[in-house]
Amino acid sequence: MMNLKGTPELSPSNLMRPLLNYGIACMSMGFLVEETAPVVWRGLMVMSAVEKLLRQVDWGQLDYLVVDMPPGTGDVQLSVSQNIPISGKS
């Protein structure tokens, strides 16, 4: 657990800035919704949220991007694996 709470700030280019702890940048949909609000998303809503976390966050220069997803092989997992280029370089 990264022990983070709060709302991301926006950069001058209108991208969200991830929250930091232990020198690690973190972004979560949990930072964007009310803490006590139930969230039930399906289909396009989920894909829109994933796209937002991938493309609308000022990640800066990354060596690694770790994506924590629930278990399964559903649409979200397939779309994420198809939309994030993997270089295979070490």
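Is it the case that Gly60 is exposed (fewer than 14 other Cβ atoms within 10 Å of the Cβ) and in contact with a Pro (Cβ under 9 Å, 6 or more places away or on another chain)?
yes
For the range 33-68, which positions are under 14 Å from Asn83 (Cβ atoms), at pLDDT 85 or above and assigned to a loop (DSSP other than H, G, I, E, B)?
Scanning the range 33-68 gives a single hit, Gln56.
Under 8 Å between Cβ atoms, at least 6 apart or on separate chains: pull out the pairs that start in the range 1-14 with a residue that is part of a loop (DSSP other than H, G, I, E, B) and end on any residue that is open to solvent by less than 100 Å² (accessible area, probe 1.4 Å) and aromatic (Phe, Trp, Tyr).
Leu4/Phe31; Lys5/Phe31; Gly6/Phe31; Thr7/Phe31; Pro8/Phe31
Quick check on the range 5-33: of everything there that is farther than 19 Å from Ala49 by Cα and of a type in the set (A, V, I, L, M), which residue is least open to solvent (accessible area, probe 1.4 Å)?
If we take residues in the range 5-33 being farther than 19 Å from Ala49 by Cα and of a type in the set (A, V, I, L, M), then Ile24 is least open to solvent (accessible area, probe 1.4 Å).
The values are calculated or read from the model by the stated rules, or taken from the named source; none is laboratory data. Here the structure is a predicted model, which is why all the values come from computation and not from measurement. Quick reminder, even Gly has a Cβ in these numbers, built from the backbone with ideal geometry, and neighbours come from all protein chains shown. Quick note on the areas: whole protein, heavy atoms, side chains included, nothing else; ligands and nucleic acids left out. Shrake-Rupley method; radii C 1.70, N 1.55, O 1.52, S 1.80 Å.
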